[in-house]
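Written below as structure tokens is the structure these notes are about.
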Amino acid sequence: MKRLLRLAALPALFVALLSLAACSSSQQTTSMMAMLPGAGPPSPDPRVGLGGGLFDAEEAIWNLRMLSTSPPPEAFVGVTNSDLAFKDQYAIQGNYNGILVWDLTDPAAPELVTEYLCPASQSDVSVYENLMFVSGEGFGGRLDCGTEGVEERVSADRLRGIRIFDISDIRAPEYVANVQTCRGSHTHSVLKDPDDDENVYVYISGSAPVRPEAELPGCSGAAPDEDPETALFRIEVIQVPLANPAAAEIVSSPRIFDGLVAPPRHGQSPADIAAVEEARATGGFVVEGPTNSFVLPARYTDSLLSGIVAERGGEGPPTAADSTALRERLPAMAARWFGSDGDDEDDGPDPGPTQCHDITLYPEIGLAGGACEGYGLLLDISDPVAPRRLDAVADSNFAYWHSATFNNDGTAVLFTDEWGGGGQPKCRADDPYEWGANAIFSINGSELDFGSYYKMPAVQTSQENCVAHNGSLIPIPGRDVMVQGWYQGGISVFDWTDPANPVEIAFHDRGPVNPERMASGGSWSVYWYNGLIVNSEIARGLDVFELAPSAFVSQNEIDAANTVQLDYLNAQGQPKFVWPATFSLARAYLDQLERGEGLDRARVAATREALAGAEGASGTARSGALGALATTLDEEAGAARDASKVRMLAATVRDLM
């Protein structure tokens, strides 16, 4: 059995820690800054050196307005808030203890309308019509949503898979079904196939160990050469009949990883090496891996020490003897984690990924982006039951491919690197820019071509986990703008219209949850939804923002973005934005032509005046003015520096007639 098979049993943290190598120098492209003299980010960066605290940390904000921040209810305080889904005016927030439903009708004062206690990490949520899907992967999740957990190794009470709720009344979700899977559901993706109105399909990604066959028949964690039906190296596809969701079942287990081998890795950063040396000098716990040494995070040492205390029947904090016992056990534990079994025989390259973390579905273009441990995949999902791999890319700068976001026209895709499972500080001063960052690829036919990296640029402390995480596009017409969570690096809004030159244009950040030691917190995910930017803060609750006009985004562009209205939004389901013809849309394109010098300044001014005149007119006078303006713009497009944008403007003006 090859090494990665053993790694399937590791915590995600260690799977990611293993991907380590030489790196290139840091750099951030700044072409847009150069294009807009004086419009760059504040200097010095106000995110650097913020004071810490759970609910009283210092904050820094730029080109965003915070509308509200709402702490979690009592039963959910201290428990991880996870991902978001949206339906109508509601934000549904996953939490390791269940789900919360917030009414965003008044975004300055969101109303918590539902607290549904149903523990099973990590409770990622999705919706479709009157159905809600909730992921369960943890070993303590119960079928009956009880809070007492499951202690037995094999139990008929355990839930690891997907729960299905009827949310016809979202204030009173009805638990109607579940589908159990061999590795549980760390995340999932809901696919509405354009050619199938009777079902939806749920792609299950589970990164936890395979459960015993005695608990769920058919589950096997063996290598493919030992058991061709192994639950490793595959995803699960669940078909959910909309008329009878209780009949949901697994209909296929596509092996989309066939032929992939272990990706290249790189070494440690200077900050990592310094952290190991400091831990050794101060009595910290260091794990010796096959190629590098790692500091065991406090939350793992706390858990392991508590176990040792329990073994000796003790109570209270661990003693020095308990610490010694843990140090003595670490080499054997590392051998199990990293697969050192004394077998030095060369049996070829290690196998590639056994699972995906996220699969982002974009049904309108028939593609999906799979972020799958050591690889980013481009998938054809035209057959929802049998997704097919088109291309796979690996990168020695990436430790753990976590999630994907397409641009709106489907010509580029952005992958994120959740280094260290989200528990690592990778935004320190001497951390390489490319580590824990985004990688942007152009899509050329069925191939992915690398363009650049993007990383939240502010230096963070060693007490702040900071790597790329979840976000979404903001529908600013004619541009690719995205908002993204970076755990305790806060949230960053950036423009990646040019895949080779992404540029930050807005941000919000808080100081560390605990300035003395690493503590869980920060932005799990942040999404644009119907004019609002909603942030799931792991420890602090729910934040709501809106874009503020700036040198990078005009009020007209914000107004045009807000004409896009969604009925629902899922984290791993990407809708195609379509903008209705409005005067705001026309002015947004005109603002972009002025900012990018795509049209002569005098013509920009004249067009702006003509648009205002047409908007103030009515009937045939308006139609006539708009028709004349559209004709003029079409005639001028060929000579303009940005001909395509001028034609987009002309088409919008014509649609206003």
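The values are calculated or read from the model by the stated rules, or taken from the named source; none is laboratory data. Given the structure is predicted, the values throughout are model-derived calculations rather than measurements. Please note: Cβ atoms are built from the backbone with ideal geometry, for glycine as well, and neighbour counts cover all protein chains shown. Side chains included, ligands, DNA and RNA excluded: accessible areas come from the protein's heavy atoms. Shrake-Rupley method; radii C 1.70, N 1.55, O 1.52, S 1.80 Å.
Prolate is the label for the chain, because a/c, from the alpha-carbon gyration tensor with a ≥ b ≥ c as root eigenvalues, is 1.5 or above and a/b exceeds b/c. Taking a ≥ b ≥ c as the square roots of the eigenvalues of the Cα gyration tensor, region 239-336 is classed as oblate, since a/c reaches at least 1.5 and a/b does not exceed b/c. Taking the longest Cα principal axis of the chain as reference, the axis of helix 270-282 is set at about 40 degrees. Working note: Debye formula, equal point scatterers on the alpha-carbon atoms of region 476-533, no solvent; log10 I(q)/I(0) at q = 0.15, 0.17, 0.20, 0.22 Å⁻¹ is -0.52, -0.63, -0.79, -0.88. In this structure, Glu249 and Ala75 have a Cβ-Cβ separation that, at R0 = 30 Å, corresponds to a calculated FRET efficiency of about 0.35.
Can you tell me the FRET efficiency between Thr291 and Ala223 if r is taken as the Cβ-Cβ distance and R0 is 25 Å, rounded to the nearest 0.05? Taking R0 as 25 Å, the efficiency between Thr291 and Ala223 is 0.65. Sorting 364-377, 548-561, 64-77 by average packing, meaning the other beta carbons within 10 Å per residue, from highest down gives 364-377, 548-561, 64-77.
Near the amide H of Asp193, within less than 5 Å, lie the amide hydrogens of Tyr201, all on another chain or at least 5 residues away, with H placed in the peptide plane.
Can you give the Rg/Rh ratio of region 65-190, where Rg is from the C-alpha atoms and Rh is the Kirkwood radius? Reported Rg/Rh, Kirkwood definition of Rh: 0.98. Once both labels are positioned 7 Å from their Cα atoms along Cα-to-Cβ, the gap between Ala606 and Arg329 label points is 8.0 nm.
The charge dipole of the chain, taken about its Cα centre with unit charges on the Cβ of Lys, Arg, Asp and Glu (plus for the first two, minus for the last two), comes to roughly 980 debye. Ordering 48-60, 153-165 by mean Cβ neighbour count within 10 Å, with the highest value first, yields 153-165, 48-60. Quick one: of Lys192/Lys576; Lys192/Lys455; Lys576/Lys645, which pairs are farther than 25 Å apart, Cα to Cα? Over 25 Å Cα-Cα: Lys192/Lys455. Couplings 3J(HN,Hα) for region 608-619, derived from phi with the Karplus relation 6.51 cos²θ - 1.76 cosθ + 1.60 (θ = phi - 60°), are 4, 5, 5, 4, 4, x, 5, 5, x, 9, 8, x Hz, where x marks Gly and Pro.
A simple spin-label model places pseudo-atoms 7 Å from Cα toward Cβ; at Thr620 and Val176 they are separated by 5.5 nm. Selection among Ala262, Asn292, Leu232 by position relative to the dipole of region 149-301 gives Asn292 as farthest towards the positive end (Cβ unit charges, Cα centre). Computed with every protein chain present, the accessible area of Thr405 is close to 10 Å² [probe 1.4 Å].
In region 244-399, what percentage of the DSSP-assigned beta bridges are antiparallel, given to the nearest 5?
Here the antiparallel bridges make up roughly 100 percent for region 244-399.
Expressed as a whole percent, the accessible area of the chain that falls on carbon and sulfur atoms is 50 (1.4 Å probe). Classify region 526-645 from the C-alpha gyration tensor, please: rounded if a/c falls under 1.5, else prolate or oblate depending on whether a/b exceeds b/c. It is prolate, given that a/c is not under 1.5 and a/b is the larger ratio. With a Förster radius of 22 Å applied to the beta-carbon distance between Ser644 and Asn562, the computed FRET efficiency rounds to 0.40. Accessible surface area normalised per residue over region 479-542 is 18 Å², counting heavy atoms of protein chains with a 1.4 Å rolling probe. Quarter the surface of the alpha carbon convex hull of region 407-457 and you get the mean projected area, 4.2 square nanometres. When each of the peptides 485-498, 306-319 is scored by how many other beta carbons lie within 10 Å of its residues on average, the order from highest to lowest is 485-498, 306-319. Relative to the Cα centre, the charge distribution of region 504-636, modelled as +1 at Lys and Arg Cβ and -1 at Asp and Glu Cβ, gives a dipole magnitude of about 220 debye. Measuring between their Cα centroids, region 604-657 and region 129-204 lie 51 Å from each other. The HN-Hα couplings worked out from phi for region 227-233 by the Karplus form 6.51 cos²θ - 1.76 cosθ + 1.60 (θ = phi - 60°) are 8, x, 9, 3, 7, 7, 6 Hz, whole numbers, x standing for Gly and Pro. Solvent exposure of region 239-281, expressed per residue, is 49 Å² of accessible area, with all protein chains present and a 1.4 angstrom probe. Looking at the chain only, what percent of DSSP beta bridges run antiparallel? Nearest 5 please. Percentage antiparallel, nearest 5: 95. Using Cβ point charges alone (K and R +1, D and E -1), the dipole size of region 414-564 about the Cα centre works out to roughly 360 debye.
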